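One structure below.
The values are calculated or read from the model by the stated rules, or taken from the named source; none is laboratory data. What you are looking at is a predicted structure, and each value in this text was computed from that prediction instead of being measured. Note that each Cβ is placed from the backbone with ideal geometry, even for glycine, and that neighbours are counted across all protein chains shown. Side chains included, ligands, DNA and RNA excluded: accessible areas come from the protein's heavy atoms. Shrake-Rupley method; radii C 1.70, N 1.55, O 1.52, S 1.80 Å.
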Amino acid sequence: MSSAFEKLHLRHVAWLLMSLALVAAPHAERVPAWITLLVVTLFVWRGYVAIYGLALPPKWVLMLVAAGTVGGIYISYGRILGRDSGIALLMVMLALKLMEMTALRDAMVLIFIAYFLVITNFLYSQSIPTTVY
């Protein structure tokens, strides 16, 4: 039986990284390129940390990235609150949470954030995609 504080193994992190990349991918074309680049960079950094068993970055680094992101989103969108700026902020916060994930409990929080990010796709369109043959 697994505990909520059980440490995550490389396979857990790898599956989460792949799943979260699929969740964030539809928003990549809607957000500024620097946000997509930041999210990809944080994903790669977390994968690197997991593969080589390195220490996660200190909290002050993550807080600095978060503060810079909030400022950058304000500059890019002219506001923090709103559909597009909120989704961009949610994408970055998902990636930042990934950078502080150490236990199963953190992974569950990430999964719930990912569910919310999936639902935000419906803010753009509620139509069912059709394929043309």
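Quick rundown of the values:
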item	result
Å² of accessible area per residue within the range 1-99, as computed with a 1.4 Å probe and no ligands counted	59 Å²
Residue-span extension gain [L64 to H12] - 0.36 nm each, minus C-alpha spacing	16.0 nm
Computed E for Y115/A28 - FRET, C-beta separation, R0 25 angstrom, nearest 0.05	0.85
Percent carbon-and-sulfur accessible area, the chain, ignoring ligands, DNA and RNA, probe 1.4 Å	72 percent
Convex hull projection area averaged over all views, the chain, Cα basis, nm²	10.1 nm²
Sum of -39500 (n - 2.57) over DSSP H runs of 4+, divided by residues of the chain (222 nm, nearest 500)	-22000 deg cm²/dmol
Electrostatic dipole magnitude of the chain [Cβ: Lys, Arg +1; Asp, Glu -1; Cα centre; debye, to 20]	100 debye
In degrees, nearest ten, helix 33-52 long axis to first principal axis of the chain (Cα)	20 degrees
Residue-span extension gain [R105 to S76] - 0.36 nm each, minus C-alpha spacing	7.1 nm
Inter-part distance where the range 64-133 and the range 43-61 are each reduced to a Cα centre, Å	20 Å
Residue-by-residue Karplus 3J(HN,Hα) for the range 67-76, coefficients 6.51, -1.76, 1.60, Hz, glycine and proline x	5, x, 5, 4, x, x, 5, 5, 5, 5
The range 1-91 - percent relative contact order, Cα under 8 Å, separation 6 or more	27 percent
Degrees, to the nearest 10: 104-119 long Cα axis against longest axis of the chain	10 degrees
